[in-house]
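Bear in mind these aren't lab numbers, they're just calculated from the coordinates by the rules spelled out. Given the structure is predicted, the values throughout are model-derived calculations rather than measurements. Backbone-built Cβ (ideal geometry, glycine too); neighbour counts: all protein chains shown.
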Amino acid sequence: VRVDIALALLAGYRAIVPLSAERVHLLADLLPIVQLDFALSEVEYFEAVTHSPANADVAYHTFLLGHADWFISLAGQGLLKALHAAA
């Protein structure tokens, strides 16, 4: 993951809409949860709407489990720490 791009995105957003340090900390804290919510919606979409168990399996293993693992990895923790530091 490109932490520099994530920080540039945050800086660009802050240039338009001021974000307090408290809000940036909240953003960093919620990011893994938001990803989990998105992953669950993908699993549901592929299972219930497209009736594609294969795609639902990819969404479950890659988006849900894979990204959950990533957020607790050194790289994932590095991103979250960088976001907190940018507050």
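Among the residues making up the range 42-63, a single one is surrounded by fewer than 16 Cβ atoms within 10 Å (Cβ to Cβ) and in contact with an Asp or Glu (Cβ under 8 Å, 6 or more places away or on another chain): 53.
With respect to (1) in contact (Cβ under 8 Å) with a residue 24 or more places away in the chain; (2) in contact with a Ser or Thr (Cβ under 7 Å, 6 or more places away or on another chain), the lone exception for residue 46 is condition (1).
For the range 12-41, taking the residues that are hydrophobic (A, V, I, L, M, F, W, C), more than 16 Å from the chain's Cα centre (by Cα) and loosely packed, with under 11 Cβ neighbours inside 10 Å, the one that is nearest to residue 79 (Cα to Cα) is identified as 21.
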